[in-house]
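S.K.: Here you go, one structure.
Every read-out reported here was derived from the displayed coordinates using simple, explicitly stated rules and does not represent laboratory data. Worth saying up front: this structure is predicted, and the values here are computed from it rather than measured. Backbone-built Cβ (ideal geometry, glycine too); neighbour counts: all protein chains shown.
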Amino acid sequence: MQLNDFDFSLPEELIAQQPAPEREGSRLMCLERSKQAVTVGNFTDILDYFQSGDLLVVNDTRVIPARLLGNKPSGGKIEILLVRRIMTSSQEEWLCMTRSSKPLRPGTFIELDGGIEAEILQEEEPPYRRVRFHCQGDFLQQVEKVGHLPLPPYIKRPDSAADRSRYQTVFARESGAVAAPTAGLHFTDGILEQLRGKGVQILSLTLHVGLGTFLPVRVENIREHRMHAELYSIPQATADAVNTAKAEGRRVFALGTTSCRALETAATDGSRLQSGTGDSEIFIYPGYRFKLVDALITNFHLPKSTLLMLVSAFTGREFILSAYRRAVEERFRFFSYGDCMLIL
């Protein structure tokens with residue numbers, strides 16, 4: 001299982017730089033695995049693929065404006081990206097990535113926008129540093145005021161005021177992600193209500209999306225790749241609903257690869273979902289046996305990425321790559337602000 005097995009050619013102009021004018025205004029490609037069939041339409045067509053009794057699991061994580069800008073004592077500009085709060089500390093300490101003209105040494109103090117002071121504590125496993133923050137009042141409230149949304153690196157523009165709403169799902173509740181669960185960006189309150197009207201159950205879980213989503217796979221043998229941990233939480237109500245649906249033979253739809261990873265991480269060997277909180281480090285690639293997920297809603301992913309490997313495991317590598325080639329031919333929009341795929 002080599003990295004090049006998950007490569008494909010993508011014209012740069014198909015990488016979406018802006019969201020569609022309306023949330024539900026994207027296109028939809030539906031893949032039916034049993035028939036090896038591909039159907040192209042509009043995102044609102046997704047309603048037609050649900051039936052009464054289906055269960056849709058959404059990720060209610062909320063993206064924080066995790067990019068903090070400031071200056072070193074020498075005056076040089078610096079950027080700090082919050083990655084993950086270190087829960088064992090009584091201080092406001094985070095695992096961070098930093099960008100500056102010269103490496104930041106432990107003991108360095110940095111003045112950030114909004115009167116936030118950052119103290120570099122120590123280097124962690126590359127590319128991370130442990131950073132302690134000091135400010136007046138609540139740290140995250142101050143971050144909300146002065147931070148910038150961490151748009152993915154393939155979006156070649158600064159974040160804007162519009163991104164504050166469009167790079168969040170309408171069901172975002174739990175702050176902590178540094179990237180959006182982007183398949184959920186297509187859904188509106190109206191579409192969710194129409195699904196409920198059809199008898200679809202909608203339950204939530206939380207997986208705080210980390211930078212592992214964007215970090216490249218650097219090994220040729222993909223089995224040697226190690227995923228970065230992401231914090232997840234499964235409410236008891238969600239676990240009960242999923243387990244009941246599986247016992248009754250009803251379909252479980254995962255909205256996004258993040259929901260899928262959380263579900264599969266918390267699944268027992270007996271294909272039951274356990275409630276609770278933990279770290280997800282699951283790496284799903286072809287050969288994996290899915291325990292809970294029957295259908296997957298997702299966007300189009302980067303070449304050679306772990307997310308492309310996940311959908312290849314769910315769909316079949318050849319089928320998914322042929323669908324991607326068709327998406328390129330039909331000028332679908334790719335990645336976070338791009339179009340949507342439903343896999344049945």
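S.K.: Report the Cα centroid-to-centroid distance between the stretch 208-263 and the stretch 296-311 in angstrom, as an integer.
M.R.: 13
S.K.: When 29, 87 are ordered from fewest to most other Cβ atoms inside 10 Å of their Cβ, what list results?
M.R.: 87, 29
S.K.: Let me ask something else about it. Provide the packing ranking of 55-64, 181-190, 103-112, i.e. peptides ordered by the mean count of other C-beta atoms within 10 Å per residue, highest first.
M.R.: Result, highest mean Cβ count within 10 Å first: 55-64, 181-190, 103-112.
S.K.: Using per-residue counts of other Cβ atoms within 10 Å, averaged over each peptide, order 12-23, 294-305 from highest down.
M.R.: Numbers: 12-23: 14.8, 294-305: 21.8.
Those peptides, ordered most packed to least, come out 294-305, 12-23.
S.K.: What ranking do 152-161, 261-270 get when scored by the average of other Cβ atoms within 10 Å per residue, highest first?
M.R.: The peptides rank, most packed first, as 261-270, 152-161.
S.K.: Using just the C-alpha positions of the chain as equal point scatterers, what log10 of I(q)/I(0) does the Debye formula give at each q in 0.11 1/Å?
M.R.: With one equal scatterer per Cα and no solvent, log10 I(q)/I(0) is -0.74.
S.K.: Where does the charge balance sit around residue 200 when Lys and Arg score +1, Asp and Glu -1, over other residues with C-beta under 11 Å from its C-beta?
M.R.: Working: positive: 196, 198, 250, 251; negative: 54, 193.
That works out to +2.
S.K.: Regarding the stretch 87-162, what's the average projected area of the Cα-atom convex hull, expressed in nm²?
M.R.: Average of the hull's projected areas for the stretch 87-162 equals 6.4 nm².
S.K.: Below 13 Å, Cα to Cα, which aspartates and glutamates can residue 291 reach? Residues fewer than 8 away in the same chain don't count.
M.R.: Cα-Cα hits under 13 Å: 264, 269.
S.K.: Please report the projected area of the stretch 81-230's Cα convex hull averaged over all directions, in nm².
M.R.: Computed as one quarter of the Cα hull surface, the answer is 12.3 nm².
S.K.: Between their Cα atoms, which of 102/145; 145/198; 77/145; 102/156; 246/304 are more than 30 Å away from each other?
M.R.: Working: 102/145 27 Å; 145/198 40 Å; 77/145 20 Å; 102/156 24 Å; 246/304 32 Å.
Pairs exceeding 30 Å: 145/198; 246/304.
S.K.: Just to confirm my numbers, what's the Cα centroid distance between the stretch 135-202 and the stretch 1-44 in Å?
M.R.: Taking the Cα centre of each part, the stretch 135-202 and the stretch 1-44 sit 21 Å apart.
S.K.: Going by amide H atoms built from the backbone, whose H comes under 5 Å of the H on residue 251, apart from near neighbours?
M.R.: Residues meeting the criterion, in which the H sits 1.01 Å from N, are 55.
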